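The values are calculated or read from the model by the stated rules, or taken from the named source; none is laboratory data. Note that this is a predicted model, so its numbers are computed, not measured. Backbone-built Cβ (ideal geometry, glycine too); neighbour counts: all protein chains shown.
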Amino acid sequence: MIKIKPFITLTAILVVVTLMLPALLVLPFSDAKTSRQLGEVSKPKPVHVQAENTADAAMEVAVYRTAKKKIETLPLDQYLIGVVAAEMPADFQLEALKAQALAARTYIVRQLLNKEKIGLPEGKADVTDTEIHQVYKNNEELKKLWGVDYKWKINKITEAVKETSGQILTYEGNPITPTFFSTSNGYTENSEDYWSNSYPYLRSVASPWDKNSPKFISQKIMSVGEFEARLGVKLVDRKNVGKIIERTAGKRVGKVEINGKVLTGREIRDKLDLRSSDFSWVVKGNNIIITTKGFGHGVGMSQYGANGMASEGKNYKEIVKYYYKGVEISNSDTLITKVTAKK
């Protein structure tokens, strides 16, 4: 006699396994974080690669290497990587680095369109590798500078340049002069308070994030004799060394009167080689102790301010539009075509 119960039991098990098999196959790969609505297609994570085949790669830049006294020609994207790497710390927030890349690209496109030759030697160079234009370091120089950190730093800088590819800052359709500096005194400057030209997009704004910069406060000590010689003044009353008679919109020193002689804050900064034109001083014996707030001319985008904004969640577009008033982020393709045609 055939026993039916084991057969029925085996059949039931096979049916259950068959029904459960699809679920068992799916289950190990399921996760509540990846669940999505019906009909929703999952998007692959973006892969960051070296900047190439972009709008930036269509144009070349001839850089005069000051130390070697020769011209180095390279694609725009590689030039921008070298500029951002030289001008801003790689450990800054990515959105701050993007803002720097956007400013750097805008500057060089404007430079190439206008063909300004100030500070350039005779020849075919477009820019130098110094602060006269934009500081630039090539790949080999960056490898020596960064050492074991080279890989992650160059990848991060490249990402910042690539993700802003083809974008420049414009005002009324024209590339702006995107000045930038390290650290403010808590405010940026109106352009005409430091230079002679007034630009509607280079207006004074509050920049409170800079107070966290290691360059926010600094001191310099020099002898009274050196102070007098550099400024061309004579101190009669050492208790009252000059009087500030004017302040700028950015809270810096506009003008100072020292024993009848009036000097601008910028003149004093330049002659005394100070970090900022927001300064104060006090006489101690035969020395003068000068305290400054901020580092740089103060016009345009503060780099430490940009990093502070990025740390609070602001993106690069919000950063540049905060420091450059009334600007638009525009496509550079048409302008790049004009530059290429001129060459």
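Cβ-Cβ contacts under 6 Å between residues 6 or more apart (or on different chains), taken from a first residue in segment 266-289 that is more than 16 Å from V233 (Cα to Cα) to a second residue that is in a helix (DSSP H, G or I), are listed as S277/G265; S277/R266; S277/R269.
Total residues in segment 319-337 satisfying the condition of being without any contact (Cβ under 8 Å) to a residue 12 or more places away in the chain and either among the aliphatic types (A, V, I, L, M) or surrounded by fewer than 14 Cβ atoms within 10 Å (Cβ to Cβ) (or both): the figure is 2.
On the stretch given as segment 302-330, residues that are within 18 Å of A104 (Cβ to Cβ) and in contact with a Pro (Cβ under 7 Å, 6 or more places away or on another chain) total 1.
Each row is one residue, and each column tells you yes or no for (1) within 20 Å of P175 (Cβ to Cβ); (2) outside the structural domain of N331 (by TED's automatic domain parsing); (3) surrounded by 14 or more Cβ atoms within 10 Å (Cβ to Cβ).
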position	(1), (2), (3)
Y79	yes, no, yes
K115	yes, no, no
G123	no, no, no
D126	yes, no, yes
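Residue under question is R275, and the condition is that it be closer than 30 Å to A85 by Cα, more than 21 Å from the chain's Cα centre (by Cα), among the basic types (K, R) and modelled with pLDDT of 95 or more; does it hold? It is false that R275 is closer than 30 Å to A85 by Cα, more than 21 Å from the chain's Cα centre (by Cα), among the basic types (K, R) and modelled with pLDDT of 95 or more.
Taken residue by residue, segment 170-185 has at least one member that is within 27 Å of K251 (Cα to Cα), assigned to a loop (DSSP other than H, G, I, E, B) and of a type in the set (G, A, S). Against the condition in the same structural domain as T179 (by TED's automatic domain parsing) and either within 29 Å of L102 (Cβ to Cβ) or crowded, with 18+ Cβ neighbours inside 10 Å (or both), how does G305 come out, does it pass? It is true that G305 is in the same structural domain as T179 (by TED's automatic domain parsing) and either within 29 Å of L102 (Cβ to Cβ) or crowded, with 18+ Cβ neighbours inside 10 Å (or both). Does Y136 satisfy the criteria of being in contact with a Ser or Thr (Cβ under 9 Å, 6 or more places away or on another chain) and outside any strand (DSSP E or B)? Against the criterion (in contact with a Ser or Thr (Cβ under 9 Å, 6 or more places away or on another chain) and outside any strand (DSSP E or B)), Y136 qualifies. When the test is whether a residue is not assigned by TED's automatic domain parsing to the domain that holds L97 and not hydrophobic (A, V, I, L, M, F, W, C), R203 does not pass it. Filtering segment 197-217 down to residues that are surrounded by fewer than 14 Cβ atoms within 10 Å (Cβ to Cβ) and under 18 Å from the mean Cα position of the chain (by Cα), which residue is nearest to G298 (Cα to Cα)? So, considering only residues that are surrounded by fewer than 14 Cβ atoms within 10 Å (Cβ to Cβ) and under 18 Å from the mean Cα position of the chain (by Cα), the one nearest to G298 (Cα to Cα) is P208.
Inspect segment 106-128 for any residue being within 16 Å of V320 (Cα to Cα), touching a Lys or Arg at 6+ places or on another chain (Cβ under 7 Å), touching a residue at least 12 places away in the same chain (Cβ under 8 Å) and not hydrophobic (A, V, I, L, M, F, W, C) and give the result as yes or no. Taking every residue of segment 106-128 in turn, none turns out to be within 16 Å of V320 (Cα to Cα), touching a Lys or Arg at 6+ places or on another chain (Cβ under 7 Å), touching a residue at least 12 places away in the same chain (Cβ under 8 Å) and not hydrophobic (A, V, I, L, M, F, W, C). Taking the criterion of being loosely packed, with under 12 Cβ neighbours inside 10 Å, without any contact (Cβ under 8 Å) to a residue 40 or more places away in the chain and of a type outside the set (S, T, N, Q), the residues of segment 226-253 that qualify are G232, K234, V236, D237, K243, I245. Candidates are the residues of segment 254-264 that are out of contact with any Leu (no Cβ under 9 Å at 6 or more places or on another chain) and within 18 Å of N240 (Cβ to Cβ); the one that is surrounded by the fewest Cβ atoms within 10 Å (Cβ to Cβ) is G260.
Checked across segment 234-245, the condition of being more than 25 Å from S184 (Cβ to Cβ) and among the polar types (S, T, N, Q) holds for at least one residue.
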